[in-house]
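Values in this text are rule-based calculations from the coordinates and carry no lab data. Note that the coordinates shown come from a computational prediction; the quantities given were computed from them, not determined experimentally. All Cβ positions, glycine included, derive from the backbone under ideal geometry; neighbour counts span all protein chains shown.
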Amino acid sequence: MRVISLHADVLVATSRIYQTTCTALRAGDEGFLVDSPILPDELDALPAILEQAGFPVSGLLATHGDWDHLLGRYAFPGAALGCAETTAAQLTGEPGAAQRELREFDEEHYVERPRALGLGAVQALPVPGHVGLGEREELELQPADGHTADGMAIWVPWASALLCGDYLSPVEIPMLSPSGSRAASLATLERLRPYVQRADWVGPGHGSPVAGAQAAALLEEDMRYLNDWKLPAGRRNAAQRAIDQSNRERAR
Ligand SMILES: [Zn+2]
């Protein structure tokens, strides 16, 4: 797991699998952990890494309800999970779905976990809206549906950072899940554009954080891809072509 600092109050850990990112945000003596790494040793190491860096964890946030972003409670079993209303509705409407997909992944890769995944108290956050952190700071939440039917992007004003969930990835083309939509993905990218334009950093759900200018270039590539199915130059290996194939079938 790679851990880098984007800002005095923003730390990003990137999982060895799928490059799934987990971002610690700090405001005074409170902090949120957004999304999660995947492998058990990474989740085990997280509390000590954050404590050493002086990042408190008062709550968990998830950008969307895909299982690979929901594992924070393995590291912080007592923390409540906040997510968009759309995500909360999906998690309660399809109870056990994330756990089933995690179990399938673990069985395929012979991964052992200390216990089954419990999501605990899921708190539905109004999106668009704000959520406070510490005494002075507020995160801005924007809807980010299209990859799936649920989700939110998080703007961190005091760090000029955008955490966008599964969009604007330097390693993955836009992916339409079974519940996803091409039109909604395009609308989300359009909604994110003003944030990307003023962001110092953009932290995608998969892959290394990118500087604002690079994220702006990814946004144009991703919009072109969703409009014309034109694969971006840096993202057209076999795995990305397989995602492309499935996207085209789903968009029909
Ligand atoms: Zn994901």
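Structure values in brief
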item	result
Selection count where residues are on the phi < 0 side of the Ramachandran plot and without any contact (Cβ under 8 Å) to a residue 60 or more places away in the chain, scope the range 132-155	8
Filtered residue count, the range 98-126, keeping only those that are among the aliphatic types (A, V, I, L, M) and under 25 Å from ASP29 (Cα atoms)	5
Candidate set from the range 1-38 (those that are surrounded by 19 or more Cβ atoms within 10 Å (Cβ to Cβ) and small (Gly, Ala, Ser)); member that is nearest to PRO56 (Cα to Cα)	GLY31
Qualifying positions in the range 127-182 - over 26 Å from ALA233 (Cα atoms) and hydrophobic (A, V, I, L, M, F, W, C)	VAL127, VAL131, LEU133, LEU139, LEU141, ALA149, MET152, ILE154, TRP155, VAL156, TRP158, ALA159
Count - residues of the range 39-57 that are free of Cβ contacts under 8 Å to residues at least 60 places away in the same chain and crowded, with 16+ Cβ neighbours inside 10 Å	9
Boolean, SER15 is within 11 Å of the chain's Cα centre (by Cα) and within 14 Å of the ligand (Cβ to nearest atom)	no
The range 101-144, residues that are of a type in the set (Gly, Ala, Ser) and either part of a loop (DSSP other than H, G, I, E, B) or over 21 Å from ALA80 (Cβ atoms) (or both)	ALA116, GLY118, GLY120, ALA121, GLY134, ALA144
Failed item in (1) away from the ligand (no atom under 13 Å from the Cβ); (2) surrounded by fewer than 21 Cβ atoms within 10 Å (Cβ to Cβ); (3) within 18 Å of THR23 (Cβ to Cβ), with VAL171 passing the rest	(1)
Filter result (farther than 17 Å from VAL10 by Cα, among the aliphatic types (A, V, I, L, M) and free of Cβ contacts under 8 Å to residues at least 40 places away in the same chain) within the range 203-224	ALA213, ALA216, ALA217, MET223
LEU139 more than 13 Å from the ligand (Cβ to nearest atom) and surrounded by 22 or more Cβ atoms within 10 Å (Cβ to Cβ)	yes
Count of residues meeting criterion [in a loop (DSSP other than H, G, I, E, B), polar (S, T, N, Q) and over 16 Å from TRP67 (Cβ atoms)] in the range 20-37	0
Hits in the range 60-75 (condition: free of Cβ contacts under 8 Å to residues at least 60 places away in the same chain and either under 16 Å from PRO126 (Cα atoms) or touching a helix residue (DSSP H, G or I) at 6+ places or on another chain (Cβ under 7 Å) (or both))	LEU60, ALA62, TRP67, LEU70, LEU71, TYR74, ALA75
